1. List pairs: first in region B:271-287 and farther than 13 Å from B:R137 by Cα and outside any strand (DSSP E or B), second more than 12 Å from the ligand (Cβ to nearest atom) and open to solvent by less than 30 Å² (accessible area, probe 1.4 Å), Cβ under 6 Å, 6+ apart or cross-chain?
2. For residues that are assigned to a loop (DSSP other than H, G, I, E, B) and among the aliphatic types (A, V, I, L, M), scanning just region B:197-220, find the one that is surrounded by the most Cβ atoms within 10 Å (Cβ to Cβ).
3. Taking A:R186 as the residue in question, decide whether it is more than 13 Å from the ligand (Cβ to nearest atom), among the basic types (K, R) and part of a helix (DSSP H, G or I).
4. Got a number for residues in region A:48-60 being open to solvent by 30 Å² or more (accessible area, probe 1.4 Å) and within 16 Å of the ligand (Cβ to nearest atom)?
5. Identify, from the list B:W256, B:W279, the residue that is closer than 19 Å to B:L174 by Cα and out of contact with any strand residue (DSSP E or B) (no Cβ under 7 Å at 6 or more places or on another chain).
6. Please find, within region A:89-113, the residue that is farthest from the ligand (Cβ to nearest atom) out of those that are closer than 20 Å to A:V150 by Cα and more than 7 Å from every other protein chain (Cβ to nearest Cβ).
7. Assess whether A:L82 counts as being within 11 Å of the ligand (Cβ to nearest atom) and out of contact with any helix residue (DSSP H, G or I) (no Cβ under 6 Å at 6 or more places or on another chain).
8. From the set of residues in region A:34-47 that are of a type in the set (A, V, I, L, M) and more than 6 Å from the ligand (Cβ to nearest atom), which is farthest from the other protein chains (Cβ to nearest Cβ)?
Amino acid sequence: MRWLKPSVFLLCSLPLLWLVWSGLHGGLGANPIEAAMHELGHWALRLLLLGLALNILSRHSGWRRPMQLRRMLGLFAFAYALLHLLVYITLDQFFDLPAILEDLRFRPYILIGLSAWLILLAMAITSTRHWQRRLGRRWARLHRLVYVAVPLAITHNFMVAKTISPEAMVYTALFIPLLILRLLPRRA
Amino acid sequence: MLIKRPDPIPSSAITDEAIYRERRRFLGQFALGGGALLLPGLLAAQARAEARPPKLEGVVPGPFGSEESLTSYQDITSYNNFYEFGTDKGDPKKHAQLLRTRPWSVMVEGEVARPGPIDIEDILKLHPLEERIYRMRCVEAWSMVIPWVGFPLAALLKHAEPNSRARYVEFTTLHDPEQMPGQRDRRILPWPYVEGLRIDEAMHPLCILAVGLYGHELPNQNGAPLRLVVPWKYGFKSIKSIVRIRLLEAAPTTTWQQLSPREYGFYANVNPEVDHPRWSQRRERRIGELRRRDTLPFNGYAEEVAHLYQGMDPKTLF
Ligand code: HEM
C-alpha cells in the first residue's frame with residue numbers, strides 16, 4: 001500500500017489548491033477574505049472529524065491501516081487552522097493589533113477558537129515519534145485533548161453564525177456518536 | 001441639509017469600468033507590499049457579463065448622491081443576506097428564481113384613512129422613479145455603494161393617508177415556503193420577516209422604496225419587486241419583497257428583536273460606538289476593497305438624520 005499515504009496527502013491538499021485557484025480567478029465571490037476564512041475553518045474541522053472517525057474505526061475493528069493516516073490528517077487539520085488564523089491576522093485584521101486584542105478580550109468566540117487552536121498546536125508539535133517516546137503515557141493523554149478541541153471549534157462555528165449554522169449542526173451530529181464510540185470499551 | 005445632484009450620466013454606463021480600475025489599483029498596491037498567496041485573484045475583477053432584468057423607463061436623478069465608486073452589479077447581486085432563500089451569501093442568487101414577482105400587491109392597513117391592497121403597477125405610478133446612490137452598511141461589518149432606483153416611502157404612506165394615531169410603520173415580507181425555500185426551516189428565523197420604523201423615520205426623504213438597481217428592475221435576490229432602503233440603518237432593516245405595510249400606534253416587534261433582543265434593537269442605526277455583542281462595529285470592509293475603513297455614525301448620513309434622535313440616549317439606539 002505504498003500509494004495510500006501519497007494519495008491521501010494529495011486529497012488533503014485539494015481544498016487548499018482549489019482555494020488558491022479560486023482566489024486567483026475571482027471565484028471566491030464578493031467578499032473573498034471572508035470566503036477564504038470560512039473555507040479554511042471548515043476544512044480544519046472536517047479533517048479533524050475524519051481523523052477521529054478513522055481512529056474509532058481502527059479502535060473497534062482492529063484494522064490498523066487507518067491509524068497510519070491519523071498523523072497526516074491531524075497535521076493537515078492543523079495546517080488549515082493555521083492558515084485560517086493567518087488570514088485573520090493578515091488579510092482580515094491587517095495586523096491591527098489593538099483590534100485583535102479587542103477581539104480576544106470582548107468576543108468569546110475568538111477566545112474559544114484560540115483555545116481550540118492552541119490544543120491543535122500542542123498536538124502538532126508533539127506529533128513526532130521523538131516526542132511520543134519522550135512523553136510516554138502523557139502523550140496519549142495530551143492527544144486525547146482533540147476531544148476537547150473539536151467541540152470547542154464547533155462551538156466557535158455556532159457562535160460566528162447570526163442564526164443557526166447548518167454546518168455546525170452536521171458537525172455536532174457527527175461528533176457525538178464518535179465521542180460515544182470512543183468512550184465504549186475497545187472490542188479488538 | 002446638503003443635497004448633491006449625482007452625475008447625469010446613468011451609473012450603469014460608467015460603473016463597472018470604474019470598479020475595474022479601482023480593483024486594479026489595489027492589486028498594484030498589494031503587489032508592492034509583497035503578495036500573499038490568495039490575493040491577486042481575490043481582488044480580480046469579474047468581467048462576466050450577466051443578463052439583467054428589464055430596464056426601467058423614465059428614471060430621473062434623485063437627491064442625496066454619493067461620489068464614491070459604486071459596488072459592481074455582479075457583487076451587489078451575488079452576495080446577499082436574504083435568509084428566505086438560504087443563509088449562505090450565494091443562496092439567494094441560486095434560489096430566488098422561484099419567486100414570482102407578478103402579479104404582486106401590497107396590503108396597506110392599520111391606522112390609515114384608505115386601507116386596502118395596492119397593485120405594484122399602481123405603486124410604480126405614485127411618484128417619478130429616481131436614482132438614489134446610497135451606502136449600504138450590513139450589521140456584519142461589510143458595506144457597498146448601491147445605485148438604487150426607487151421613490152420616497154412617504155409617497156406611498158401619504159397616498160394611504162395615515163391618521164393621527166399612526167406612530168409606527170410595520171413591514172412584512174412575503175411568507176410562502178413554496179417560493180421561498182429558506183422559510184421551510186423555522187429554526188433559521190421566525191417567519192415571516194417583519195421590520196418597523198417610527199413614522200418620522202419612515203417619512204424622511206432619505207427613506208425609499210426601491211424597485212430597481214443600476215437602472216434595471218430589481219433582481220429577485222435583491223428583494224424584488226419592492227423593498228425598503230433606509231441607508232442610515234443596518235442593512236437588515238431594509239426589508240425585502242414587501243407584501244404588507246401596517247401603520248400602528250405601538251412599536252412592532254421586529255424579527256431580529258424576537259430572535260435576539262440583546263443583539264438587535266428596534267432602531268439599529270449604524271453606530272461605530274455600539275458594538276454588536278459578537279463583533280466590533282467600528283470598522284467595515286467595503287466590498288471590493290482590501291483594508292477595512294472606519295464606520296461613520298448613521299452611515300455618514302448624520303447631517304440628514306441625527307436630529308430625529310435628539311434627546312434620546314444613543315446607547316438605546318442600537
Ligand atoms: C486563534 C484562533 C482562531 C481565530 C482568531 C478564528 C477566527 C475566526 C473568525 C474571525 C471567524 C469569522 C469569519 C467571518 O465570518 O468573517 C471564524 C469562523 C470560523 N472558524 Fe475560526 N478562528 C480560530 C480558530 C479556529 C479553529 C481552530 C477552527 C477549526 C478547527 C476554526 C473554524 C472556524 C469555522 C468552521 C468558522 C465558521 C465559518 C462559517 O461561519 O461558515 N476556527 N473564525
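The values are calculated or read from the model by the stated rules, or taken from the named source; none is laboratory data. Model, not experiment: these values are computed from the prediction. Glycine also receives a Cβ, built like all others from the backbone with ideal geometry; neighbour counts cover every protein chain displayed. SASA here: full protein model, heavy atoms, side chains in, ligands and nucleic acids out. Shrake-Rupley method; radii C 1.70, N 1.55, O 1.52, S 1.80 Å.
1. Pairs that qualify, where the first residue is farther than 13 Å from B:R137 by Cα and outside any strand (DSSP E or B) and the partner is more than 12 Å from the ligand (Cβ to nearest atom) and open to solvent by less than 30 Å² (accessible area, probe 1.4 Å), are B:D275/B:Q281; B:P277/B:E263.
2. Filtering region B:197-220 for residues assigned to a loop (DSSP other than H, G, I, E, B) gives B:204-207, B:214-215, B:218-219.
From the residues that got through so far, the ones that are among the aliphatic types (A, V, I, L, M) too are B:206, B:218.
Values: B:L206: 20, B:L218: 25.
Among those residues, the one meeting the criterion is B:L218.
3. On the way: more than 13 Å from the ligand (Cβ to nearest atom): yes; among the basic types (K, R): yes; part of a helix (DSSP H, G or I): no.
No.
4. Going through region A:48-60, the residues open to solvent by 30 Å² or more (accessible area, probe 1.4 Å) turn out to be A:50, A:53-55, A:57, A:59-60.
From the residues that got through so far, the ones that are within 16 Å of the ligand (Cβ to nearest atom) too are A:50, A:53.
Qualifying residue count, region A:48-60: 2.
5. Numbers: B:W279 fails: closer than 19 Å to B:L174 by Cα.
Every option except B:W256 fails the conditions.
6. Quick first cut of region A:89-113, residues closer than 20 Å to A:V150 by Cα only: A:104, A:107-113.
If we keep only those that are more than 7 Å from every other protein chain (Cβ to nearest Cβ) as well, we get A:104, A:108, A:110-113.
Working: A:L104: 8, A:P108: 12, A:I110: 5, A:L111: 8, A:I112: 8, A:G113: 3 Å.
The qualifying residue farthest from the ligand (Cβ to nearest atom) is A:P108.
7. Numbers: within 11 Å of the ligand (Cβ to nearest atom): yes; out of contact with any helix residue (DSSP H, G or I) (no Cβ under 6 Å at 6 or more places or on another chain): yes.
Here the answer is yes, as A:L82 does meet what is asked.
8. Only one residue tops the list, namely A:L47.
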